[in-house]
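Have a look at the structure below before the remarks.
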Amino acid sequence: MRDWSVMGRGGGSARSRADVRAVPAELQVRLRVNGVLRELWLDPRVTLLDALRERLGLTGTKKGCDQGACGACTVLADGRRVLSCLTLAVTCEGRDITTIEGLGEEDGLHPVQRAFIACDAFQCGFCTPGQIMSAVALLAEGRAGSDAEIREFMSGNICRCGAYPNIVAAIRAVAGELGRAAV
Ligand code: FES
Ligand code: FES
């Protein structure tokens, strides 16, 4: 139960003010980014997006709206897609982060990257890293059963160039390849 006795008039108290002062300016954060352990000292308010772009130089992840509305900043955290603009870096302590830079394999591009090129699934390319990261997760989630399902589960990724039909075609092509490989 909350100890109301420490609350002063107006909601403040000596203890809560001391707690605020005790918050350190920077915290140590260990992230495994694209398979490499990275240790950073960060202001607790720094987003994962800014840590990746400004501190680690991984500018493939894009900042579109910076408020969770466009999907341009999508990365994978322990294999699940997250909006890095809405994720505080300190909450990712010990997690595996994959960005577009870490997606390719030793012998070349990831199948989803190849399919985006083959299907001409981008115009300006600004949304493309987020689209590809989201598509990789969608395929792993088994959500590419139909064009409608792909559209629904890609709906958090906005493309101002309107490349949606080709994005769906690219994902459908990879889903088909995966299906054939599984037979
Ligand atoms: Fe994160 Fe738009 S930049 S959702
Ligand atoms: Fe330009 Fe999607 S390709 S915003």
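The values are calculated or read from the model by the stated rules, or taken from the named source; none is laboratory data. Note that the structure is predicted; figures quoted are calculated from it, not measured. Note: ideal-geometry Cβ built from the backbone for every residue, glycine included; neighbour counts use all protein chains shown.
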Strands (runs of 3 or more DSSP E) contained in the range 19-95 and holding at least 1 residues touching a residue at least 60 places away in the same chain (Cβ under 8 Å) and over 13 Å from the mean Cα position of the chain (by Cα): 27-33
In the range 96-116, the residues that are closer than 30 Å to GLN28 by Cα, aliphatic (A, V, I, L, M) and not in a helix (DSSP H, G or I): ILE97, LEU103
Condition check for ALA175: over 18 Å from CYS65 (Cβ atoms), outside the structural domain of LEU76 (by TED's automatic domain parsing), out of contact with any Phe, Trp or Tyr (no Cβ under 8 Å at 6 or more places or on another chain) and touching a residue at least 24 places away in the same chain (Cβ under 8 Å): yes
Residue among ASP147, ASP96, ASP120 that is surrounded by fewer than 19 Cβ atoms within 10 Å (Cβ to Cβ), on the phi < 0 side of the Ramachandran plot and outside the structural domain of THR47 (by TED's automatic domain parsing): ASP147
Members of the range 95-131 found to be charged (D, E, K, R) and at pLDDT 95 or above, listed by number: ARG95, ASP96, GLU101, ARG114, ASP120
Qualifying residue in the range 117-126 (condition: farther than 26 Å from ARG53 by Cβ and in a loop (DSSP other than H, G, I, E, B)): yes
Residue match in the range 70-84 (condition: of a type in the set (Asp, Glu) and closer than 30 Å to GLU39 by Cβ): yes
